[in-house]
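Notes follow the structure.
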Amino acid sequence: MAAKRAAGKRKYGKKASEKVGEALHEMKRGTLKSGRSNKKVKSRAQAIAIGLSEAREAGAKAPAKKAARKATKRTAKTAKKGARKGTKRIAKTAKKGARKTPAKKRARRA
């Protein structure tokens, strides 16, 4: 079951929906082209994605791409983990300095 949003909290802004609408109209007319390949867009989903990316570039209220959301979530998680283990990591790095390097080991054998 989908969670209900609080009143007035829209996921997408007005400008974002306008950009998506423009992209869909261009697709229907056959004038919407995709990225570098410059091929004609035939998929409705692709037209929506192009409209949303244009809206993001224009600064409209639109959520980030799924991959970008996952990346930020991942970095936040690792940062939180690092904050908890901060004292342990400092202790580990101090021990690493005390370890013998391969050059020192060779010198002891000779």
key: Over 32 Å (Cα to Cα) - which of Lys15/Lys80; Lys14/Lys80; Lys11/Lys40 fall in this group   = Lys15/Lys80; Lys14/Lys80
message = Can you give me the Rg/Rh ratio for region 10-63, using Cα atoms for both radii and the Kirkwood formula for Rh?
response = 0.98
ask   = So which of Lys19/Lys65; Lys19/Lys73; Lys19/Lys61 end up more than 19 Å apart by C-alpha?
value = Lys19/Lys73
task = Excluding residues on the same chain fewer than 8 positions from Lys39, give the aspartates and glutamates whose Cα lies under 16 Å from its Cα.
result = Glu26
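Laboratory data are not the source of any read-out in this text; all were calculated from the coordinates shown. Keep in mind the model is a prediction, meaning the values are calculated, not measured.
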